[in-house]
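Here, each number is a calculation from the coordinates, and none is a lab measurement. For clarity, every value in this text was computed on a predicted model and none was experimentally measured. So basically every Cβ, Gly included, is an ideal-geometry build from the backbone, and we count neighbours across all protein chains shown.
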Amino acid sequence: MVTSLDGATQGPNGRSATVSSPPDRVVLSLLRRLADVVVAGAGTVRAERYGPADLPIAVVSGRLELDPDAPLFTQATHRTIVLTVEAAPADRRAALAAVADVVVAGETSLDVHAAVDALAARGLTRILCEGGAHLLGHLVAAGRLDELCYTLTPTMVGGHSARLVESALTLHSTWTLGHLLAADDTLLMRWLARRD
């Protein structure tokens, strides 16, 4: 995850690349090489224009407002996974099932434990969550976020931007700094969840 000095998770164009930096992109590339699967919320997938990747992509979407004709589905090297809920529209679920593996994990809201367990059942245990803020909030609230790789870049955005973690619940979790690197005025941090 990346933010500007003033905490913006995205620039004026709505994309995180605007607040990223070359060292951040190197770390993101490395994290993707180490992961079994990338998980991202549908809003992040749309905003960042996700396409085919060298590893499976799992998209979290309760309403299934995803385009089954998007390259993420039609050109994927690995079949895309869609994590959704029982209450999702049946017609959208059927349309996506033609181009992706649709996994139901929860009735009306995402059951994080069921979603993570479904990925693990496929052998996808090293999960890289690339956001967004609400998905991270669900993972933190459920105690399923083990580490947070967080980059602070030398940019200022101003205006309004989403926080790194958003949640309807009040969250209180504590973290231990595992690593801290500085490169080209960018701080690269790896935080480990405390399980007290």
| task | Under 19 Å from a label point 7 Å along Cα→Cβ of Leu169: give me every residue in the stretch 84-117 with its amide N that close. | result | 84-86, 105-117
| note | Amide H proximity to Val60 below 5 Å, modelled H, separation 5+ or other chain, gives Ala40, Gly41, Ala42, Leu83
| remark: Mean separation of Cα contacts under 8 Å (at least 6 apart) over the residue count of the stretch 36-125, i.e. the relative contact order in percent, is 26 percent
| Lys/Arg Cβ at +1, Asp/Glu Cβ at -1, dipole of the stretch 36-125 taken about the Cα centre: which of Ile81, Ala114, Leu66 is farthest positive-ward? | Leu66
| said: To check you understand DSSP bridge types, tell me what percent of the beta bridges within the chain (both residues inside) are antiparallel, rounded to 5. | reply: 45 percent
| remark: Per the Cα gyration tensor, the stretch 36-125 corresponds to an equivalent ellipsoid with semi-axes, largest first in Å, of 18, 16, 11
| task | Would you give the gap between the C-alpha center of the stretch 139-196 and the C-alpha center of the stretch 1-74, rounded to a whole Å? | result | 16 Å
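Cα-based Rg of the chain per 2.2 N^0.38 Å, rounded to two decimals?
On the way: Rg = 16.5 Å, N = 196, 2.2 N^0.38 = 16.3 Å.
Dividing the Cα radius of gyration by 2.2 N^0.38 Å gives 1.01.
Please rank Arg194, Arg15, fewest neighbouring Cβ atoms within 10 Å first, as an exposure proxy.
Taking fewest neighbouring Cβ atoms as first place, the list is Arg194, Arg15.
Taking only DSSP H segments of four or more residues, each worth -39500 (n - 2.57), what value at 222 nm results for the chain once the sum is divided by all its residues, to the nearest 500 deg cm²/dmol?
Details: 6 runs with 50 residues, N = 196.
The per-residue figure over the chain is -7000 deg cm²/dmol.
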| Once the Cα atoms of helix 112-121 and of the chain are each reduced to a long axis, what angle between those two axes, in degrees from 0 to 90 to the nearest 10, is obtained? | 70 degrees
| said: Ranking request for peptides 165-177, 127-139, 92-104: highest mean number of other beta-carbon atoms within 10 Å first, then the rest in descending order. | reply: 127-139, 92-104, 165-177
